């Protein structure tokens, strides 16, 4: 779980602890040996990780247990869950305020930053999502005021705390998410993991409410069509008294259009906080920390045009689907068929785009970027992990189509659609991962002659290494660890400039392929833009109500109502997350190629 | 997912590819630069990992989709699933035979081995489990012969192929599981991941059959008590014709006592194969590869005695529980109460043992072992990951107990039991992880002055490093990569002996604490033995039918029948795996302390 951040991250860390205890009067050799012996004890680090990780997991599981109980038992009510979540948010608030105060006091000591942790545009996007969440909180407060006389006070307290939590958290994200914490490690670890799992729990809660809303809609639709007589779930039913204002139903209806944004906000924040947690006690390699990515937009025509077409088409399909799905049996079926045919066209073009990108990579050999980057690694894991949801759904559809007894008009289009979903995620993941792990081609990229992580050797040997990273500076002149940020940056920039002379062998190779590369890069940028917009389209469809998996009846017939609903409740939120996450990753790809 | 194995593993790899293309006549500098440029392209490696990982995941998901369909739809039958699994096993068989043939031909070329990948006693244990699996196959064949006239031929083919698969796989485990594959990488990756997921699918299949068997038992028990009128699942119902031999019912009854072993066999094999997959293309650091662990058993009294007591008590409790649970309401309840009280005693003593171990570690400071070891990392991840199942179950129980309307006699013992389950896994995980990540204390442990991964620097610099690991040898004298194993081992042993002179500072520190350490180590060994036996006990109980979560009715009342059954079907197999896996990890701890 944690090994990969072990080796190089302990070095500075060890140093930091020891700088207070060892006096500079002792001679060098003894001091170094002592350092290694007494403070290679970073095992509070390993312990801290397991301790805090397990704490967070149990927090989430308790929340999930309460959610599951709400569905089945009248004695466990939504208020209890909200009270629990509210108390977690208050705890997180206190921790964040404490953290910000402490950092504010230590303004003049240098805090290391992990540049990879997040980018401006991700934080911008999150701020937008946070604003939508705040609107949602306002609606919730309005709803509470309307029904004040007959609902629990928790329903009023929750949105107020949630709004405060959102504002503070966005502030935290802007100014502290890149911090690499080196002091109070175990305590900070608990604080950060608490924040991670509080957001995950808020995500789960949002997902549950959303799923229930869709399920209730689906049931009432079936009920209207006279199919089945299912009981509507009680959780989001109307309170017992009348609304004192005129806007209650408006509020409760609008809420469900804001849910998708709120849900994505929380899962994204928890991923970013998780990177912060992984970074605690880590040592940042300044050489890989110094990349500037410029977003160039020359030669971008085909990708954006096709992407806009896809977006426009999606909105058209969505409107037609939602209006037609509640109509007669014939219209219902043709709406589903239309959805699948549209999906096949979209996915096929996305597959081709991804494959084209991979082909270009095969032609254009480039060394991999092996620098340490927990953020990128997490991105890869989340991408592959969240694919599982929609893959499971697709394979279930395939089994259902092949084994079905009935023969609706969309049977075989469903099969092709499902196969393409599997294939599209397969190629897209490959494309994204390969793009993120290739070395960049612009002038700013590091010299390939430079080792990716020089500090590992430089600390353990007594040779003076030619690349003078931050650790070596600290190692050699302990007093300089508290120099100001500007000095340190200038120094290391200067140091890194020295070995960056063009090598005799690599230059001709790069010059030779310079011309065709530009065309390739343009194609890659177009592919990235097209994939971004297609993924947004495929996010919009399920997020705002196009879920043919509920409506087509094929899978339900094969798996039974409760199994299929469980599968969907697991798979659809993961798929939504996958789409938004791949948009973020593809934007990163767009900036890199 | 894969980053941590990136840096140091590409080095040899790069080298290997290039040795064919570059002629030795060119002068050194140019060759090295070319090496780095053209072959730091290990990105087929990254690609190969994602490609094969996604292939395996989809294989598993298709299988899971079929399993889910079997439960709900009469048109998808168990035969279809078995046919699918059989074809996967045949594919794996072909691959394993191909692999063994190729290795056999290359006998005189040296294959690197990862000593950490597995130990003799793990392979021994697996062989035992495999033998029990073979008996199971024999029973299945006997069952098929009895019902030959009316069941599908797949039911006869499956056990035959499974037996062949088991025998070949055990042979593979004994002779090839430690191989670090350096040739045909992408193809081998597909082969190994296919094997991993075939075993995972076989595990899932076993778990499903087992869960269904328990559920059917539970339902028929409820039916006999007149509680509910539930339909018994059709999957393992008797065939339509009469058995032609007299042993059919014996076979089908015995099968379910062998399932637990078969299930553990497959999950363990897939974990080991996964480590092999992670090792593909890796470079082994010989310094950390040279540890010999001796299993000393002096001073072992308290642990084994307490452990044997726990085991004996467990078997007693199991017999009483199974006989009493089908009796009258009163006896039923008292059996459940007895189970919980026994569980509380067990878990409390396990918690204390784990905490004592952690306290000893706090007193006895020891530097962490940061050497690279994918096997250990996987162990840690699996341990924490598989805890989630039983934690979820416990939190659900806690929510159910707190919110329950009824008040059975075991209500509050259930609460304490569930809290202790959470706490016990928490401390045990901490204890195991810390034990595995501490440096060993015997004479064989590496010198702390030696860097953990010297090859990273040694390849990227042109300095001749003092420690001559395998990579450097290859780097300097390319022709020597094909020297025989014995030579290489002797050589590096000799080389490693050189810098291992006692340092002036570390020795007195270690001598000073030598005496009390021995007592501490004895205590730690006793703790490990006690925990091993306790974990075996806690594996036996649910594996052979003591599952009060089905019988106590409290949780079912809160969560509803279908939700609670789903939770148990997810959590119990994970918990069983956790127990067996922690036994293996604790045995490793026992040998290390």
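Distances, shortest first, from the label point of residue A:87 to those at the same position in the other copies read 5.4 nm; the point lies 7 Å along Cα to C-beta. Going by neighbour counts of Cβ atoms within 10 Å, the residues B:151, A:433 line up, fewest first, as B:151, A:433. Residue by residue along A:53-66, Cβ atoms of other protein chains within 10 Å of the local Cβ number 6 on average.
Starting from the Kirkwood radius over alpha-carbon pairs of segment A:358-422, derive D by Stokes-Einstein at 37 °C in a medium of 0.692 mPa s and give it in µm² s⁻¹.
Here the translational diffusion coefficient equals 219 µm²/s.
Every Cα-Cα pair of segment B:84-179 was included, and the share exceeding 20 Å stands at 49 percent. Normalised by residue count, segment B:47-129 yields a Cα convex hull volume of 163 Å³ per residue.
When only C-alpha pairs under 8 Å and at least 6 residues apart count, what is the relative contact order of segment B:76-220, in percent? Value for segment B:76-220: 41 percent. log₁₀ I(q)/I(0) of segment A:312-368 at q = 0.27, 0.29, 0.31 Å⁻¹, via Debye over equal Cα point scatterers, no solvent, to two decimals? Relative scattering, expressed as log10 I(q)/I(0), comes to -1.00, -1.07, -1.13. Dividing the Cα radius of gyration of segment A:554-593 by 2.2 N^0.38 Å, with N the residue count, gives 1.76.
Remark on segment B:329-447: hydrodynamic radius 16.7 angstrom, per the Kirkwood mean of 1/r across alpha carbon pairs.
Calculated on the Cα set of segment A:249-396, radius of gyration then Dmax: 21.2, 64 Å. Per residue, the convex hull spanned by the alpha carbons of segment A:520-593 comes to 91 Å³. What separates the residue A:409 label point from its copies, with the point 7 Å along Cα to Cβ, is 6.5 nm, written shortest first.
Computed over the alpha carbons of segment A:107-158, Rg followed by Dmax gives 18.6, 53 Å. Note on segment A:149-224: Rg/Rh from Cα positions, Kirkwood definition for Rh, rounded to two decimals, is 1.16. Extending 7 Å from the Cα toward the beta-carbon at both residue A:175 and residue B:152 defines two label points whose distance is 6.5 nm.
The alpha carbon convex hull volume per residue for segment B:87-243 rounds to 150 Å³.
Take residue A:71, move 7 Å from Cα toward the beta carbon, and the resulting point lies 1.2 nm from the same point in each other copy, nearest first. Of interest is the spacing of the C-alpha centroids, which for segment A:362-422 and segment A:102-160 amounts to 33 Å.
Read-outs throughout are calculated quantities, based only on the coordinates presented, and are distinct from any laboratory measurement. Being a predicted model, the structure only gives us computed values, none of them experimental. Note that each Cβ is placed from the backbone with ideal geometry, even for glycine, and that neighbours are counted across all protein chains shown.
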